[in-house]
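Here is the structure we will look at, set down as structure tokens.
The values are calculated or read from the model by the stated rules, or taken from the named source; none is laboratory data. Values in this document were obtained by computation on a predicted structure and should not be read as measured data. Positions of Cβ are generated from backbone atoms using ideal geometry, with glycine treated the same way; all protein chains shown enter the neighbour counts.
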Amino acid sequence: MGSAWIVSRFMSAERFTLDTNILIYAVDRDAGYRHTRAKEIVDQAVDQNCVLTLQALSEFYTAVSRKNKLLASEAKAQVADWRLLFPVVVAQSDNLIQAIEAVEQHRLSFWDAMLWSVARDNSVTLLISEDFQHGRELLGVRFHNPFVVS
């Protein structure tokens, strides 16, 4: 699905979040199509009902600075910019148990389960990521991989 799907989905006022991989691709000019697509998604998300998780921002900083995609100071500045542009939601203690249960019952990786749990508890109904099963819905949260070509 192309840009039109993303625009129309965002225009629906549905609350959504972006996984770490979308944030990384948005700054990784070496990622080709994924860079272009992710940058477009982040740019569109600014004016929509998008929240970012503290987890995704933390993972972004760690990944891009460790893999030398950005200098640590540039990664820090990018995180600061996104914190100004998007509400940031954080995990609560109940999210830990929900995540563990999602690992056991739904075969998610632990960190994906934490992201899903925090998103769900913050009224997110769409999680944009390449890491989840495209099109799957789990307890009110749908997963969309924007890099799937239909």
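Residue pairs whose Cβ atoms lie under 6 Å apart, sitting 6 or more positions apart in sequence or on different chains, and linking a residue in the range 130-150 that is at pLDDT 90 or above to a partner that is acidic (Asp, Glu) and surrounded by 15 or more Cβ atoms within 10 Å (Cβ to Cβ), are Asn145/Glu130; Phe147/Glu130.
When the range 100-150 is limited to residues that are in contact with a Ser or Thr (Cβ under 9 Å, 6 or more places away or on another chain), of a type in the set (Gly, Ala, Ser) and not in a loop (DSSP other than H, G, I, E, B), the one that is farthest from Glu59 (Cα to Cα) turns out to be Ala102.
Is at least one residue of the range 63-81 among the β-branched types (Val, Ile, Thr) and farther than 27 Å from Val148 by Cβ?
Scanning the range 63-81, I find at least one residue that is among the β-branched types (Val, Ile, Thr) and farther than 27 Å from Val148 by Cβ, so the answer is yes.
For the range 80-99, the set of residues classified as surrounded by 18 or more Cβ atoms within 10 Å (Cβ to Cβ) and in a helix (DSSP H, G or I) consists of Trp82, Asn95, Gln98, Ala99, listed by residue number.
Here is the figure for the range 129-142: residues that are within 19 Å of Ala91 (Cβ to Cβ) and either crowded, with 20+ Cβ neighbours inside 10 Å or among the small types (Gly, Ala, Ser) (or both) total 4. Among the residues of the range 10-36, the ones that are in a helix (DSSP H, G or I), buried (at least 19 other Cβ atoms within 10 Å of the Cβ) and modelled with pLDDT of 95 or more come to 7 in all.
Can you name the residue in the range 37-56 that is in contact with a Lys or Arg (Cβ under 8 Å, 6 or more places away or on another chain) and surrounded by fewer than 20 Cβ atoms within 10 Å (Cβ to Cβ) and, of all such residues, is nearest to Trp111 (Cα to Cα)? Residue satisfying both the conditions and the ranking: Val51.
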